[in-house]
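The values are calculated or read from the model by the stated rules, or taken from the named source; none is laboratory data. All values reported here derive from a predicted model rather than from experimental measurement. Neighbour counts run over all protein chains shown; Cβ positions are idealised from the backbone, glycine included. Note: accessible area is taken over every heavy atom of the protein model, side chains too, but ligands, DNA and RNA are not part of it. Shrake-Rupley method; radii C 1.70, N 1.55, O 1.52, S 1.80 Å.
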Amino acid sequence: MALLVVLLWGALVTVLSMTPRERTLADFHTALRTGQVTYVIYHGTPVDLRWSTGPLFWYHADRSANGSYAPGALLRDLNTAVPRPEATLAHPRQGLFPAWPFRVPFRLPFHGATWLVGGAWIVALLIMIGTDRPRLGNRWAWFWLFTVGEVGAMLFLLLEPRPLWRGLEPQNPVRNRMGGGGGCVLALCLSLVIPVLVAVGLSRVLHTLLDLLSAAP
């Protein structure tokens, strides 16, 4: 349960950072001067800029509207800000393993917090490898879901060796468990469907809920 909560939190922050609300460069500078900016993600010249005023509140200023605002000027502005926000370059995914658990854009006050979600993902992977006989699929199936499928760690913690909502009740084995081939196909489908769901539906739902929470007395 603890690992699942950490991974879900990391996924939530990552989704919100990837689907920010549109703002202007002037809005960024205003938030920076008033000490509201906590995290900055940037790339390109002029800078394509995303920033956070809290782990759940993300904004974006497109490079086409940023004039000649270059990375050097951005870093100079960040260095003079009090408190100084954490800043990182945007990195595309490279290789087989998912990048998001190790690049969740939020800060915690104690040392090593940036590896909190990544550590939870690694522990979940080790638990999967050490599980004698996963119920829904073999280890190869789950390996592909962990890596290419992006969300396999959360699915494993939720569903194996029994669904989390069933507690400690015994579960009947599944007759036709997924093999490595089936897991790979499912993982590829998830890798194509999840970005669409995030961009089209999930981000709108999350932003609507945040608006409702912000408006609540």
Quiz item: Taking ALA73 and the conditions (1) at pLDDT below 85; (2) surrounded by fewer than 17 Cβ atoms within 10 Å (Cβ to Cβ), which numbered condition does it fall short on, given that it satisfies the others?
Solution: (1)
Quiz item: Do we have any residue at all in the range 20-31 that's touching a helix residue (DSSP H, G or I) at 6+ places or on another chain (Cβ under 9 Å) and closer than 30 Å to GLU160 by Cα?
Solution: no
Quiz item: Which number in (1) within 17 Å of the chain's Cα centre (by Cα); (2) open to solvent by 70 Å² or more (accessible area, probe 1.4 Å); (3) of a type in the set (A, V, I, L, M) marks the one condition that MET154 misses?
Solution: (2)
Quiz item: Just one of the numbered conditions (1) under 23 Å from GLY119 (Cβ atoms); (2) loosely packed, with under 15 Cβ neighbours inside 10 Å is not true of PRO83; which one?
Solution: (1)
Quiz item: In the range 22-36, what count of residues is obtained for those that are open to solvent by 70 Å² or more (accessible area, probe 1.4 Å) and either more than 15 Å from PRO85 (Cβ to Cβ) or part of a loop (DSSP other than H, G, I, E, B) (or both)?
Solution: 5
Exercise. Could you please tell me which pairs satisfy a Cβ distance under 8 Å, a separation of 6+ or placement on different chains, a first residue in the range 176-200 that is touching a residue at least 60 places away in the same chain (Cβ under 8 Å), and a second residue that is of a type outside the set (Lys, Arg) and in a helix (DSSP H, G or I)?
Key: VAL198/VAL15; VAL198/MET18
Exercise. Please state which of the following conditions VAL15 fails to meet, knowing it meets all the rest: (1) over 21 Å from TRP121 (Cβ atoms); (2) at pLDDT below 90; (3) surrounded by 18 or more Cβ atoms within 10 Å (Cβ to Cβ); (4) not basic (Lys, Arg).
Key: (1)
Quiz prompt | Residues of the range 42-67 satisfying the condition of being within 14 Å of THR24 (Cα to Cα) and of a type in the set (Ser, Thr, Tyr) | solution = SER52, TYR59, SER64
Exercise. Output the residues belonging to the range 116-150 that are surrounded by fewer than 14 Cβ atoms within 10 Å (Cβ to Cβ) and either modelled with pLDDT under 90 or within 20 Å of GLY179 (Cβ to Cβ) (or both).
Key: ILE129, GLY130, ASP132, ARG133
Exercise. State whether the residues of the range 102-110 include one that is at pLDDT below 90, surrounded by 14 or more Cβ atoms within 10 Å (Cβ to Cβ), in a helix (DSSP H, G or I) and under 19 Å from the mean Cα position of the chain (by Cα).
Key: yes
Exercise. Please determine, by comparing only the residues of the range 37-56 that are within 13 Å of ARG84 (Cβ to Cβ) and part of a loop (DSSP other than H, G, I, E, B), which one is most open to solvent (accessible area, probe 1.4 Å).
Key: THR38
